[in-house]
Structures are given as C-alpha cells and as structure tokens.
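So the structure is just underneath, and the comments pick up after that.
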Amino acid sequence: MKILTLIAAIALAGCGPALAGQTSPVGSTPAATSAATGAAARAGVTASAQAGPAGVSAATDDYRLGVADKVRILIFDEPSLSGEFLVNANGKLSLPLIGDVEAAGVTTTALAATIQRKLADGYLREPRVSIDVLTFRPFYILGEVNKPGEYPYSSGLTVLNAVATAEGFTYRASKKSVVVKHAGEADEETVPLSPDLRVRPGDTIRIKERLF
C-alpha cells in the first residue's frame, strides 16, 4: 500500500508543471505575458497621443479673406446674431452688437477667434463661432481673350478654366506663359502656362500677345 501511495504522489508531482503551463500561452510565462500586455498598452497610448483628438484635421484652411468675399457666420444658440455678411470696401465686416471687425487679410479661423473674444467681452457668456466662405471675390482676366473682364471665382479654378470662361484665346494669344497679379500685391509675375496653374480669388490674369 505504501508503495502504491508513493507512486501516485510521484505521478501527481510530474503533472504539476504541465497543468500550470495550460494557464499561459505556449512558450510564455505569466511574467512574460504581463510584460507583453503592458507594452501593448503603452504602444496604444503613444499611438493615441500622436493621432490627436478625434475630429481634428491635420490640414488647416489658410485662405485669407478680402474685399467682396461673402461669409456665413454662425453663433451657437444666437440666430439673431448669425447670418451672411460681405467684406466691405474697407476690408471689414459690420456685425450686430460688436460693430466693425477687420476681415481683409485674415483667415476664417482667426476671424472667428476675434469675434468670439469681442462677444465674450460683455455680451455673451462663452460664445461659440464658426465661419464659412460662401462666395469668393471675383477674378479678372485681360489681354488676348475674346471676352476680357471680371468673373466670379470658384474653388479649384485654373487659368485655362478662366480663359474658357472668357470665351477662349484670341488668335494672337501666347499660350506659353501668362502674367498674374495676386490681390494685394503690387507686382505682376510671368509664369509658364500649364494645365494645373491655379487662380486665386482676386487675381488679375493677363494673356499676352504672341510674337510672330
């Protein structure tokens, strides 16, 4: 009987490590599993920090407003103060309560911050402001096109689109380069004419006459 009891005890002792091994992945110890879990958690936190807050875009709108741009200003929970406004000839927006606000040469993000600050100064508690550009100031195309003049700007407009809007080149037009003057700048710039050459709001485009 003592011999049988001793054999059984030895058998149970031999099974111990095998039974313990079933509680962890093959080839891993509890300490290794814990370390791997901690590393994964730290990696997740790092990735989350690098990604930034949800809904925040890496791209920013750097378009600067100018005279004749039309914007929609929304002030949360204040419909009487919200609406559509035009940047006037002085480069300003005339708004309810706070009066004239400088807008020309300012991004919509900076303008919203200014309006928010002015409204918070004795008018509203924690105002929230958002701004969208509804229509951009027009562009101008001169020189060797069939119908030179002022035209409304649309997002993504190219010089070739602008020429088409002005009913095409004249037979004398040079199609190798174009003269561009950006709004707010004193100097013109001659640049090669390519299919992807963009027009900015307020630009003046001049199509030169080719040399025969």
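If you average 1/r across every pair of different Cα atoms in region 106-212 and take the reciprocal, what Kirkwood value do you get, in Å?
Hydrodynamic radius (Kirkwood, Cα pairs) of region 106-212 is 15.9 Å.
Each residue of region 116-133 is assigned a 3J(HN,Hα), and the resulting list reads 4, 5, 5, 5, 6, 7, x, 10, 10, 9, 6, x, 10, 10, 10, 9, 10, 7 Hz, derived from the Karplus form 6.51 cos²θ - 1.76 cosθ + 1.60 (θ = phi - 60°), x at Gly and Pro. Got a number for carbon plus sulfur as a percent of region 109-212's accessible area, 1.4 Å probe? The computed percentage sits at 48. With each pseudo-label sitting 7 Å past Cα toward Cβ, what's the Glu78-Asp196 distance in nm, one decimal? Inter-label distance under the simple model: 4.3 nm. Summing charges over neighbours of Ser177, with a neighbour being any other residue whose Cβ is under 11 Å away from its Cβ, gives +4 when K and R count +1 and D and E count -1. Extending 7 Å from the Cα toward the beta-carbon at both Ser174 and Asp62 defines two label points whose distance is 3.0 nm. Please report the spacing between the Cα centers of region 57-129 and region 133-165 in Å, no decimals. Region 57-129 and region 133-165 have Cα centres separated by 26 Å. Taking amide hydrogens as placed 1.01 Å from N in the peptide plane, the amide H of Ala173 sits under 5 Å from those of Arg210, each at least 5 positions away in sequence or on another chain.
Could you do me a favour and compute the accessible area per residue for region 63-212, 1.4 Å probe, result in Å²?
Each residue of region 63-212 exposes 58 Å² on average to a 1.4 Å probe.
The chymotrypsin sites (Phe, Trp or Tyr not before Pro) of region 64-148 that DSSP puts in a loop, and whose beta carbon has at most 13 other beta carbons within 10 Å, are Phe76, Tyr123.
The values are calculated or read from the model by the stated rules, or taken from the named source; none is laboratory data. Model, not experiment: these values are computed from the prediction. So basically every Cβ, Gly included, is an ideal-geometry build from the backbone, and we count neighbours across all protein chains shown. The accessibility values were calculated without ligands, DNA or RNA, using every heavy atom of the protein model including side chains. Shrake-Rupley method; radii C 1.70, N 1.55, O 1.52, S 1.80 Å.
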